[in-house]
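What follows draws every value from the coordinates through simple rules; no lab data is involved. Keep in mind it's a predicted model, so treat the numbers as computed, not measured. Ideal geometry is used to build each Cβ from the backbone, glycine not excepted, and the neighbour counts take in all protein chains shown.
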Amino acid sequence: MVALLFPLGVGGVTGAPPSAAAISGAFYVTALTKIVGSGLASVVIVLLIGSLFLSMISSTADGSRALYGIARDDMTIRQLYHLNRFHVPARAMTVDLIVNVVLVLFFPSIIAILYMSNIGYILAHVLALSGFLLLRKDRPNWPRPIKVGPVWLGIAAVLVVYNIILIGFGVTNPTLTGYGTFFDMWVGVGVLVASVLLFFYRRIVQDKAKVTFREEVPTEPTPEQMALLREEAAVPAD
């Protein structure tokens, strides 16, 4: 259990590269006991279990709301656009739970999930930054609650390229961390591909529409959209 709760670099404790025993988790039991003592180690483990449980609940809640919002925006299957009688996206939460359980079962090491989570974290930065650039290009006159100068477009472009380089290095060197493998990388890629396939299924099968990679949008919002933006984002009127 301690191996699941202490995904720390082994070199930070001993100065030596991780061994097979360390990767399997046996090292962390000894390390924790030496650092805090056998009695306090049990207390720390209980506290960490509680914090890990809370983090799992919050991540499941965030992931399910994201799936619900994506389904509302016609980007994944309609079935996930559903709230139960408690106004909770129970179907999306169930999908999130199943994916997490499958990942735990398929990954040879629980710590290896950190490898793909880091890759996904950097990928999220790439998508957010590139989305910012695309929105400024497609909707230059769209009202924005937070306005930034043109210099930030260049900074965002540099960060996109930098993060893509990091992703490329991480994908091609999964064993560099000591707990990632090419198998772990392909499992993570498979999850991303599955989400894209669900998007195609929604557009082609459920919506009976064509798959388009670019949607024409007006340069300025309609009066109804403007009123909604001012209400939700507190955009001041001209």
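I need the trypsin sites (Lys or Arg not before Pro) found in the stretch 109-170, filtered to DSSP loop residues with at most 10 other beta carbons within 10 Å of theirs.
Details: sites: Arg136, Lys137, Lys147; in loops: Lys147.
Filter output for the stretch 109-170: Lys147.
Here the label points at Val193 and His125, each 7 Å from Cα along the C-beta direction, are separated by 2.7 nm in the simple model.
Database remark: amide H of Phe107 closer than 5 angstrom to no amide H (H placed geometrically; neighbours at sequence offset of 5 or more, or on other chains; Pro and chain starts carry no H).
Sorting check: for 42-51, 207-216, 74-83, which peptide has the highest mean count of neighbouring beta carbons within 10 Å, and how do the rest follow? It would help to have the intermediate numbers written out before the result.
Working: 42-51: 12.8, 207-216: 7.8, 74-83: 16.0.
Those peptides, ordered most packed to least, come out 74-83, 42-51, 207-216.
For the pair Ser58 and Phe169, the difference between a 0.36 nm per residue extended length and the Cα-Cα distance amounts to 36.9 nm. Evaluating 6.51 cos²θ - 1.76 cosθ + 1.60 at θ = phi - 60° for every residue in the stretch 190-198, the Karplus couplings come out as x, 5, 5, 5, 4, 5, 5, 5, 5 Hz, glycine and proline recorded as x.
Sequentially through the stretch 74-79, phi angles give Karplus couplings (6.51, -1.76, 1.60; θ = phi - 60°) of 6, 10, 8, 4, 5, 4 Hz, Gly and Pro residues having no value and appearing as x. The phi-based Karplus calculation (6.51 cos²θ - 1.76 cosθ + 1.60; θ = phi - 60°) puts the 3J(HN,Hα) values of the stretch 143-154 at x, 10, x, 10, 9, 10, x, x, 4, 6, 5, x Hz, whole numbers, x for Gly and Pro.
Taking the alpha-carbon distance from Lys137 and a cut-off under 21 Å, which lysines remain once sequence neighbours fewer than 8 residues away in the same chain are dropped? Within reach: Lys147.
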